[in-house]
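One structure is given below, encoded as structure tokens.
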Amino acid sequence: MVELETRELEYVVALADELHFGRAADRLSIAQPALSKAIRRIESRLGVPLFVRSSRHVELTPSGEALREHGRHALNAVGAAVRNARRAADTQAHLRLVLKPGGDAGLLSPILAAYARRPDARRVDILFSGPADRTDFLREGRADAGLLYVPFDDLDGLAHETLHVEDRVVIVPSGHRLAGRASVRLSDLEGETLPHWKGVPGGDGTGPEVNDVVQLFHMITVSRMIGVLPRSLVEPVPPGLVSVPVTDTPPSRLVLAWNEQDRRPLLASFVAAALDTATAPG
């Protein structure tokens, strides 16, 4: 069985990122000849070329591209495993919860209160993410749990529980042609400009890039675009804007997610408190 050491994966990823032996060697804090020798040794062991070298540049081969992608995930997994092992031995470790600003459907405060009443409760550190990197926080071990929106966030490799289900609404200026409607369908939005969310690959928006909901509201106010969002992200609706239900979009789910390999009692207790809150009357 062919195996690579973690350090060797770091060599490949660094060179694949830099495409320059000198810069990659500096990043790794090793001599350039040592990096060149290590890459040749790795290629010989794998039996495939990873890089095409010339006197002027370095290029990735398809095999190199595949190893960079999977190698990066492997390094992230190793790093997360080490951090989790250390945290498991730390009886005073805090629990880290990641979410985007305003992305809790009003559940954050009651969840924290319910968890604080549990005898094994720890301090919960709140981390705020960008539009689309909460899953990275979880997969890389930078957060223990996260509040994610489905179907917008990728749950691959994550365990999760649904806390809240809601419809989606379109946000338009108060003078917009759809502002007086009781509801709309997706076909009613044809020809409208929708936002392109920063950091979201393959986003369906053709309009200007936006970083967060606050920026989106500003752009809608000046009639540069409209937006479709889960209802909880837009309540209360800012002055000058109107929300209209979109009847034929699938519902949005707010889920509590965590790395599916993380089975610590600390995390299980927090999940239980969140579920108790989500199912409590009122």
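Every number in this text was worked out from the coordinates using simple rules, so none of it is lab data. In this text the structure is predicted, and so the values were computed from the model without any measurement. FYI the Cβ positions are ideal-geometry reconstructions off the backbone, even for glycines, and counts take in every protein chain you see.
Worth pointing out:
- Using just its DSSP H runs of length 4 or more, each adding -39500 (n - 2.57), the chain gives a mean residue ellipticity at 222 nm of -11500 deg cm²/dmol after division by all residues.
- Label point distance in nm, His57-Ala77, each placed 7 Å from Cα along Cα→Cβ: 3.3
- Dipole check for region 6-87: with +1 at the C-beta of Lys and Arg, -1 at the C-beta of Asp and Glu, and the Cα centre as origin, the magnitude is about 320 Debye.
- Computed from backbone phi with θ = phi - 60° and the Karplus coefficients 6.51, -1.76 and 1.60, the 3J(HN,Hα) list for region 225-242 is 5, 10, x, 10, 9, x, 4, 5, 6, 10, 10, x, 6, x, x, x, 10, 9 Hz; x is used for glycine and proline.
- Cα shape, region 6-87, gyration tensor, a/c 1.5 rule: prolate
- Approximating the spin labels as points 7 Å out from Cα along Cα→Cβ, the Ala272-to-Val222 distance works out to 5.2 nm.
- Label-zone membership for region 3-24, site His70, 7 angstrom Cα→C-beta point, backbone N under 14 Å: 3-5, 9
- Cβ crowding within 10 Å averaged over residues, with 62-75, 129-142 ranked highest first: 129-142, 62-75
- Degrees between helix 32-46 axis and first principal axis of the chain (Cα, 0 to 90, nearest 10): 80
- For the chain, the Cβ-based charge dipole about the Cα centre amounts to some 680 debye (Lys, Arg positive; Asp, Glu negative; other atoms uncharged).
- Put a plus charge on the Cβ of each Lys and Arg, a minus charge on the Cβ of each Asp and Glu, and nothing anywhere else: the dipole of region 127-282 about its Cα centre is then about 360 debye.
- Using the Karplus relation 6.51 cos²θ - 1.76 cosθ + 1.60 with θ = phi - 60°, the per-residue 3J(HN,Hα) values for region 124-132 come to 10, 8, 9, 10, 9, 10, x, x, 9 Hz, with x marking Gly and Pro.
- FRET efficiency, 1/(1 + (r/R0)^6) with R0 45 Å, evaluated for Glu161 and Lys37 via beta carbons: 0.35
- Treating r as the C-beta distance of Ser174 and Lys198 and R0 as 22 Å, the FRET efficiency rounds to 0.25.
- Between Ser29 and Arg123, the contour length at 0.36 nm per residue exceeds the Cα-Cα span by 30.1 nm.
- Cα centroid separation, region 134-210 to region 218-282 (Å): 9
- Sites Ala93 and Arg181, calculated FRET efficiency, Cβ-Cβ separation with R0 41 Å, nearest 0.05: 0.20
- Semi-axes of the equivalent ellipsoid for region 168-245, computed as √(5λ) from the eigenvalues of its C-alpha gyration tensor and ordered from largest down, come to 18, 14, 12 Å.
- The slack in the chain from Asp17 to Thr206, taken as 0.36 nm per residue of separation less the alpha-carbon distance, amounts to 65.1 nm.
- Taking the charge dipole of the chain about its Cα centre, with +1 at Lys and Arg Cβ atoms and -1 at Asp and Glu Cβ atoms, the residue from Leu158, Val98, Thr193 reaching farthest to the positive side is Val98.
- Label selected from (i) 19.8; (ii) 14.5; (iii) 17.7, the criterion being mean projected area of the Cα convex hull in nm² as computed here: (i)
- Under a 5 Å amide H cut-off, with hydrogens placed 1.01 Å from N, Val210 pairs with His196, Trp197, Lys198 among residues at least 5 apart or on other chains.
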